[in-house]
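See below for the structure under consideration.
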Amino acid sequence: MLRAVDLLPQAGEVHVAAARGAYGIGSYAVFGLTLSGRRAHLIDNAGAMRAEQVGAMAPGDALMAITFDDYTPETVQAAQLARDRGHPVVAITDNELSPVVPLAAVTLYVKEARLGHFRSQVPAMVLMQAIFVSLGRRAATAD
């Protein structure tokens, strides 16, 4: 996690790609990153404009890609586009076989509890909170 906490403050803005079951976690990531002093934006694919939203990332921006098994193709594509354009990708996923792992500069793994098609978002939310607190502490000690 410390590698992600090192990378995120270097980014001009953190763009977050998360869809379907990970959408709530992505929204929370934007909220928490903003409260931690980071500029953050949710790539929401409104109007099927995902490629254009990723294309609008400025030099020095980073992408946080959040996806779990069934690996939402839209999130994987956003990670691929960002990486191809030279942006660092922080992946939050469930295992080493996730398609976002080879695209990421940093990968964080979350073990999920599942019941059929439903999964608990609690482990990913705890990870997000740990990232926010770490960013906040680092910013406070830098001042």
**Asked** Restricting attention to the stretch 90-103, which residues are hydrophobic (A, V, I, L, M, F, W, C), touching a Ser or Thr at 6+ places or on another chain (Cβ under 9 Å) and surrounded by fewer than 22 Cβ atoms within 10 Å (Cβ to Cβ)?
**Response** 101
**Asked** With respect to the numbered conditions (1) surrounded by 13 or more Cβ atoms within 10 Å (Cβ to Cβ); (2) more than 14 Å from the chain's Cα centre (by Cα); (3) among the charged types (D, E, K, R), which one is the sole condition not fulfilled by residue 6?
**Response** (1)
**Complete:** Over the stretch 63-79, the set of residues touching a strand residue (DSSP E or B) at 6+ places or on another chain (Cβ under 9 Å) and not in a strand (DSSP E or B) is 67, 68, 69, 71, 72, 74, 75, 76, 77, 78, 79
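Suppose we filter the stretch 10-27 for residues that are farther than 19 Å from residue 117 by Cα, assigned to a helix (DSSP H, G or I) and at pLDDT below 95; how many remain?
1
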**Item:** Selection from the stretch 28-54 of residues that are among the small types (Gly, Ala, Ser), over 14 Å from residue 127 (Cα atoms) and either in contact (Cβ under 8 Å) with a residue 40 or more places away in the chain or surrounded by fewer than 19 Cβ atoms within 10 Å (Cβ to Cβ) (or both)
**Value:** 36, 37, 46, 47, 48, 51
**Asked** Has the stretch 110-121 got any residue that is of a type outside the set (Val, Ile, Thr), buried (at least 17 other Cβ atoms within 10 Å of the Cβ), within 18 Å of residue 33 (Cβ to Cβ) and in contact with a Phe, Trp or Tyr (Cβ under 9 Å, 6 or more places away or on another chain)?
**Response** yes
**Prompt:** What pairs can you find where one residue is in the stretch 76-97 and over 18 Å from residue 112 (Cβ atoms), the other is charged (D, E, K, R), and their Cβ atoms are less than 7 Å apart, with a gap of 6+ or different chains?
**Reply:** 77/50; 78/50; 87/61; 89/83
**Selection within the stretch 35-55 - at pLDDT below 90, part of a loop (DSSP other than H, G, I, E, B) and farther than 13 Å from residue 18 by Cβ** = 36, 37, 38, 49
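The values are calculated or read from the model by the stated rules, or taken from the named source; none is laboratory data. For clarity, every value in this text was computed on a predicted model and none was experimentally measured. Note that we place each Cβ from the backbone using ideal geometry, even for glycine, and neighbour counts take in every protein chain shown.
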